[in-house]
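Just so you know, all these numbers are worked out from the coordinates, no wet-lab data involved. Since the structure is predicted, the reported quantities are computational estimates derived from the model, not experimental observations. Note: ideal-geometry Cβ built from the backbone for every residue, glycine included; neighbour counts use all protein chains shown.
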Amino acid sequence: MKKVIGMENMDNSTWFDWTVTKRLGQGSYGAVYQIERKIPGKKDAEKAALKVMSIPKSNEDIEDLENQGYDRETISTYYRKQLDEIIREYSIMLDLKGHTNIIYCDEVKWTPHEDGIGWDVYIRMELLSPLRDVAGRVYDEKKVVRLGIDICRALSRCQQNGIIHRDVKPQNILVSSSGDYKLGDFG
């Protein structure tokens, strides 16, 4: 039985030369963790976020497809297309890297499951705060205007690159430590 990535598998473990320090969130896609690593000669640890996904999410997903009559090769191809979509999303993010109002990713890795069907996918990206944690319940007019301008800048950059985002919502807006609003989730 393949593992399903979760807090029990990642907490206080190492991802390459990064150490997982805490889980930031969990969703249907997988989980996001805060990771850090010590850089020689630097006082503070370098910090980042690590998005971890498992394709398929569980063995039940494979069993459902087998029960529908699909063979292992067809199932493997189906999940390979999902991996290709994630890599495509990462490529889009690379093309937009450097824009102040778009989340940037630094690295993507994937490892095949032992059973030959599916992958665990790891995307290292900048560490940001969710909009809901920063906005609070009181809406300051200046912050709302800045949010609108920042997201419009992100969408303008997307348009320049021929990208239609199609999922602008509070959950896909994060905030940098300098107060910039950033658009993410280009899936």
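Annotations for the structure displayed:
- By the Stokes-Einstein formula, at 1.002 mPa s and 20 °C, the stretch 55-99 with its Kirkwood radius over alpha-carbon pairs has D equal to 179 µm²/s.
- Sites Gln68 and Asp133, calculated FRET efficiency, Cβ-Cβ separation with R0 41 Å, nearest 0.05: 0.50
- Additional length obtainable on full extension of the chain from Ser156 to Thr19, 0.36 nm per residue less Cα span: 45.7 nm
- Placing +1 on the Cβ of every Lys and Arg and -1 on the Cβ of every Asp and Glu, with nothing else charged, gives the stretch 24-65 a dipole about its Cα centre of roughly 580 debye.
- Efficiency of FRET from Cβ geometry, Ile163 and Glu114, R₀ 35 Å, rounded to 0.05: 0.45
- Ordering Val138, Met93, Leu127 by Cα displacement along the dipole of the stretch 90-140 toward the positive end leaves Val138 in first place; charges were set at the Cβ atoms of Lys, Arg (+1) and Asp, Glu (-1).
- FRET efficiency for the pair Glu141 and Lys42, taken as 1/(1 + (r/R0)^6) with r the Cβ-Cβ distance and R0 = 41 Å, rounds to 0.60.
- Over all directions, the projected convex hull of the C-alpha atoms in the chain averages 12.9 nm² in area.
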